[in-house]
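> Let me give you the structure first, and then I'll get to my questions.
The values are calculated or read from the model by the stated rules, or taken from the named source; none is laboratory data. Quick caveat: nothing in here was measured; it's all calculated off a predicted structure. Cβ placement follows ideal geometry from the backbone for every residue including glycine, while neighbour counts extend to all protein chains displayed. Calculation scope for accessible area: heavy atoms of the full protein, side chains included, ligands and nucleic acids excluded. Shrake-Rupley method; radii C 1.70, N 1.55, O 1.52, S 1.80 Å.
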Amino acid sequence: MTTFTFHIERAATPTGVMLIVTDEAGCLRAVDWEDYEERMWRLLRRRYGEGAVGLVEASEPSPAGRALDAYFDGDLTAIDALPTATNGTAFQSEVWGALRLIPPRTTTTYGALADRIGRPKAVRAVGLANGANPIAIVVPCHRVIGADASLTGYGGGLDRKRWLLDHEAKAG
C-alpha cells in the first residue's frame, strides 16, 4: 500500500542522467544518478517504509530540475533556496542543514562539520549522516573531504565528487 506518491524526472547532466524526486508541494525528496537508482530506492525505503513510496513520471520539469540545470550551467547559487523534505532523524536533519550552509567552492571536513553542529565528538555519526543524504548536490555532501584533504566516499562515486568540486572551482 503506497502512502506517498512523488514525481520523478530524469535530467541529462554532464555527470550522467540525474533522478530528481519531488512531492506535490515541490519539495525535493531525493536526487541521485540513474546508475545509483537502487541506492535512491534504498534510502527512500529507509525514510518512508517498505512499499510506502510510489513514483510517477513528472509531466514537465520541476523548479528543482530547472535549478539543477542552472547549477550545471554554472549558476552555483541556483539551488540554494530549493525546499527539501528528507524525512530523516533529528540528527541527520541537523547535519544536512549544516551541509547546506557550506558555500560553493568551499570544502570542509567531518570533524569541522561535527564542530559546526556543536557535537565535536560525533565525527563518525556525522559521516554516517552525510553518507545517508538522499539529496545530492542541493544538500552538498560532495563538499565534505577527509581530514587529510583527500576525497572520501561519495554516494555518486568519487569521479562525480571530483567533477562537482572542479565544476564549482571553475564556475564564475
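> State which residue pairs qualify: first residue charged (D, E, K, R) and inside region 39-53, second residue open to solvent by 30 Å² or more (accessible area, probe 1.4 Å) in any location, beta carbons under 6 Å apart, and separation of 6 or more residues or different chains.
So the pair list comes out as Arg47/Asn87.
> Right, here's the next one. Restricting to region 101-121, give me the number of residues that are in contact (Cβ under 8 Å) with a residue 12 or more places away in the chain and surrounded by 15 or more Cβ atoms within 10 Å (Cβ to Cβ).
Within region 101-121, the subset in contact (Cβ under 8 Å) with a residue 12 or more places away in the chain is 101-102, 104-111, 113-114, 116-117.
Checking the rest, the ones that are also surrounded by 15 or more Cβ atoms within 10 Å (Cβ to Cβ) come to 102, 104, 107-111, 113-114, 116-117.
Residues that pass the stated criteria total 11.
> Sticking with this one: If I filter region 145-168 for residues that are crowded, with 17+ Cβ neighbours inside 10 Å and acidic (Asp, Glu), do I get at least one hit?
yes
> Still on this structure: Given the structure, is Asn130 open to solvent by 70 Å² or more (accessible area, probe 1.4 Å), closer than 20 Å to Val21 by Cα and either part of a helix (DSSP H, G or I) or in contact (Cβ under 8 Å) with a residue 40 or more places away in the chain (or both)?
Working: open to solvent by 70 Å² or more (accessible area, probe 1.4 Å): no; closer than 20 Å to Val21 by Cα: yes; either part of a helix (DSSP H, G or I) or in contact (Cβ under 8 Å) with a residue 40 or more places away in the chain (or both): yes.
Here the answer is no, as Asn130 does not meet what is asked.
> Within the set of pairs 6 or more residues apart or between chains, which connect a residue that is in contact (Cβ under 8 Å) with a residue 40 or more places away in the chain and within 14 Å of Leu82 (Cβ to Cβ) inside region 1-28 to a residue that is open to solvent by less than 10 Å² (accessible area, probe 1.4 Å) and part of a loop (DSSP other than H, G, I, E, B) with Cβ atoms less than 7 Å apart?
Note: pairs meeting the criteria are Leu28/Val138.
> Please give the number of the condition Glu60 fails out of (1) within 20 Å of Gly156 (Cβ to Cβ); (2) of a type outside the set (Val, Ile, Thr); (3) surrounded by fewer than 16 Cβ atoms within 10 Å (Cβ to Cβ).
(1)
> Return a yes/no flag: does region 85-100 have any residue that is free of Cβ contacts under 8 Å to residues at least 12 places away in the same chain, open to solvent by 40 Å² or more (accessible area, probe 1.4 Å) and in a helix (DSSP H, G or I).
The answer is yes, given that some residue of region 85-100 is free of Cβ contacts under 8 Å to residues at least 12 places away in the same chain, open to solvent by 40 Å² or more (accessible area, probe 1.4 Å) and in a helix (DSSP H, G or I).
> Within region 30-42, identify whether any single residue is closer than 18 Å to Cys141 by Cβ, loosely packed, with under 15 Cβ neighbours inside 10 Å, of a type in the set (Lys, Arg) and modelled with pLDDT under 95, and answer yes or no.
The answer is yes; a qualifying residue exists.
> Could we say that Tyr71 is closer than 28 Å to Thr106 by Cα, of a type in the set (Phe, Trp, Tyr) and crowded, with 20+ Cβ neighbours inside 10 Å here? Show your work before the answer.
Values: closer than 28 Å to Thr106 by Cα: yes; of a type in the set (Phe, Trp, Tyr): yes; crowded, with 20+ Cβ neighbours inside 10 Å: yes.
Yes, satisfied.
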